[in-house]
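Step one of this worksheet: look at the structure below.
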Amino acid sequence: MSDLFFYGTLRYLPLLETVLGRSASQLNIAEASLPDHAVYGVQRQAFPMIVQEKDSKANGLLVRGLGQEDLNRLAYYEGGFDFDLSVRDVCLADGSRAEARVFFPEPGLWQPGALWSLQDWVGKWAEGTVLAAQEELAFYGRVDATTISRNFAPIRTRAWAKLAARQRQTGDPRDTMKDVIVKEHRRAYLSYFGMEEVELRHRQHDGTMGPLLHRSGLMQGAAVVVLPYDPVRDAVLLVEQFRTPVFLIEDPEPWMWEPVAGMIDPGETPEQAAHREALEEAQVSMSSLEYAGGAYSSSGSSTEYIHLYVGLSDLNQTIDNGGLTSEGEDIRTQIMPYDTFMQRVDNHEFKDLPLLALANWLARNRDRLRR
């Protein structure tokens, strides 16, 4: 049996329960602190790290009597963050001391930011972190921790998208808690995208419960799609890049002309993501955004929800080296007069559905934008 001291996100009991796979009521938990240490947020990350700091004190939880399965699950989860266990003496509330194992980051891997606050983290990140942990631990014993680490960013993006999806209410009186019965739910696949399978029944329009259905869904984050438009020059900017799914379906032209597009990162608003993606993909700054609507891109197969924008811009240059090398992007841009753009739309020369949706929105709102 082992005693562990938790100073960071695992102090949040719903997360600890998710990682260990059992209730906190089954654990021996006590308030404790680690002297001469402090907890800082990791720069550009949503989790903390602990560092040695004389005369400081890192508050946390001492959890006693953890078994080998607990340690295996913790190692699986924390392994995705490149943390390792070290033995330290911690202080309890009654003044006594105890030996405990503590997760420390690999030296030099992370850079500390500001002092970390559990309360602040709970308010912004806790719910999404628990959702991400649920997906990660669903693959415990099925894939290794290295695979989890490699896919940690898209897992968090999917969790952030699920939080946003929970807020999309339009007044439908039906209640999924009563009108959908899930027999089995399985996370079948983990990569940049996830795949989930479900067996369920749902209430039909005549009021009865329908037959048992076997369905699957491609699990994705939410995305932004933005068409840069220059109302002075009356021109749009398009980006071109190779699209693997289009190649896989054996379309002979997998280089697609599209608007700027990208996933919404955890902590971002759709508007922030739109501005970021325009800079990354096209090196374009936008003075303002016009919201053209939001919708699921293919509700029968995918969870992806797309926010559509037209971005007002000063379009005066094109590039052939856009995108992020770290993401394998190879993007070029083209500035196209509005009339030419709409002629190509009407000639069915574009194969990207969000581009067609934005073209129709721009056609209806162009005069207003040019005034």
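The values are calculated or read from the model by the stated rules, or taken from the named source; none is laboratory data. This is a predicted model, so every value here is computed, not measured. Methodologically, a virtual Cβ is constructed for each residue, glycine included, from the backbone with ideal geometry; neighbour enumeration extends over all protein chains shown. Keep in mind that these areas ignore ligands, DNA and RNA; they rest on the heavy atoms of the full protein, side chains included. Shrake-Rupley method; radii C 1.70, N 1.55, O 1.52, S 1.80 Å.
Here is the figure for the range 142-194: residues that are closer than 24 Å to H214 by Cβ and more than 23 Å from the chain's Cα centre (by Cα) total 11.
Taking the range 213-246 as the range and being touching a helix residue (DSSP H, G or I) at 6+ places or on another chain (Cβ under 7 Å), among the aliphatic types (A, V, I, L, M) and open to solvent by less than 30 Å² (accessible area, probe 1.4 Å) as the test, the residues that pass are A222, V224, V225, V226, L227, A235, V236, L237, V239. Tell me whether the range 282-291 contains one or more residues that are open to solvent by 30 Å² or more (accessible area, probe 1.4 Å), within 23 Å of the chain's Cα centre (by Cα) and within 16 Å of V225 (Cβ to Cβ). Looking for residues that are open to solvent by 30 Å² or more (accessible area, probe 1.4 Å), within 23 Å of the chain's Cα centre (by Cα) and within 16 Å of V225 (Cβ to Cβ), one finds at least one in the range 282-291, hence yes.
Does any residue of the range 42-65 turn out to be among the small types (G, A, S), open to solvent by less than 20 Å² (accessible area, probe 1.4 Å) and not in a loop (DSSP other than H, G, I, E, B)? Yes, that holds for at least one residue. When E106, E127 are screened for being touching a Leu at 6+ places or on another chain (Cβ under 7 Å) and free of Cβ contacts under 8 Å to residues at least 40 places away in the same chain, only E127 passes. Summed over the range 160-172, residues that are of a type outside the set (G, A, S) and either assigned to a helix (DSSP H, G or I) or at positive phi (or both) total 3.
Of the residues examined, G210 is one that is open to solvent by less than 30 Å² (accessible area, probe 1.4 Å), over 30 Å from W361 (Cα atoms) and more than 24 Å from the chain's Cα centre (by Cα). So which residues in the range 168-200 are closer than 30 Å to V143 by Cα and charged (D, E, K, R), if there are any at all? Result: K183, E184, R186, R187, E196, E197, E199. Checked against the criterion of being surrounded by fewer than 19 Cβ atoms within 10 Å (Cβ to Cβ) and farther than 21 Å from G221 by Cα, the range 304-312 has at least one qualifying residue. Annotation note: Cβ proximity below 7 Å between a residue of the range 17-33 that is within 18 Å of E127 (Cβ to Cβ) and a residue that is open to solvent by less than 30 Å² (accessible area, probe 1.4 Å) and among the hydroxyl-bearing types (S, T, Y) (sequence gap 6+ or interchain) occurs for V19/Y77. Just to verify a result, which residue in the range 17-41, among those that are within 21 Å of E99 (Cβ to Cβ) and of a type in the set (V, I, T), is surrounded by the fewest Cβ atoms within 10 Å (Cβ to Cβ)? Step by step, filter the range 17-41, then rank; the result is I29. Taking the range 201-222 as the range and being outside any loop (DSSP other than H, G, I, E, B) and over 17 Å from G300 (Cα atoms) as the test, the residues that pass are R203, M209.
Here L248 fulfils each of the conditions (1) more than 21 Å from the chain's Cα centre (by Cα); (2) touching a residue at least 12 places away in the same chain (Cβ under 8 Å) apart from (2). Scanning the range 265-279 for residues that are open to solvent by 50 Å² or more (accessible area, probe 1.4 Å) and not basic (K, R) turns up D265, T269, E271, Q272, H275, L279. All conditions but one from (1) more than 26 Å from G21 (Cα to Cα); (2) open to solvent by less than 60 Å² (accessible area, probe 1.4 Å); (3) hydrophobic (A, V, I, L, M, F, W, C) apply to L163; the one that does not is (1).
For the condition closer than 26 Å to F139 by Cβ and open to solvent by 20 Å² or more (accessible area, probe 1.4 Å), Q68 qualifies.
Taking (1) surrounded by 14 or more Cβ atoms within 10 Å (Cβ to Cβ); (2) in a helix (DSSP H, G or I); (3) not polar (S, T, N, Q) in turn, G113 satisfies each apart from (2). Residues in the range 350-362 that are without any contact (Cβ under 8 Å) to a residue 24 or more places away in the chain and charged (D, E, K, R): there are none. Scanning the range 132-159 for residues that are open to solvent by 50 Å² or more (accessible area, probe 1.4 Å), farther than 20 Å from E17 by Cα, assigned to a helix (DSSP H, G or I) and of a type outside the set (S, T, N, Q) turns up R150, A153.
The residue list S285, S302, S326, S297 contains one member that is out of contact with any Leu (no Cβ under 6 Å at 6 or more places or on another chain) and touching a residue at least 40 places away in the same chain (Cβ under 8 Å), which is S297.
In the range 332-344 there is no residue that is in a loop (DSSP other than H, G, I, E, B) and not small (G, A, S).
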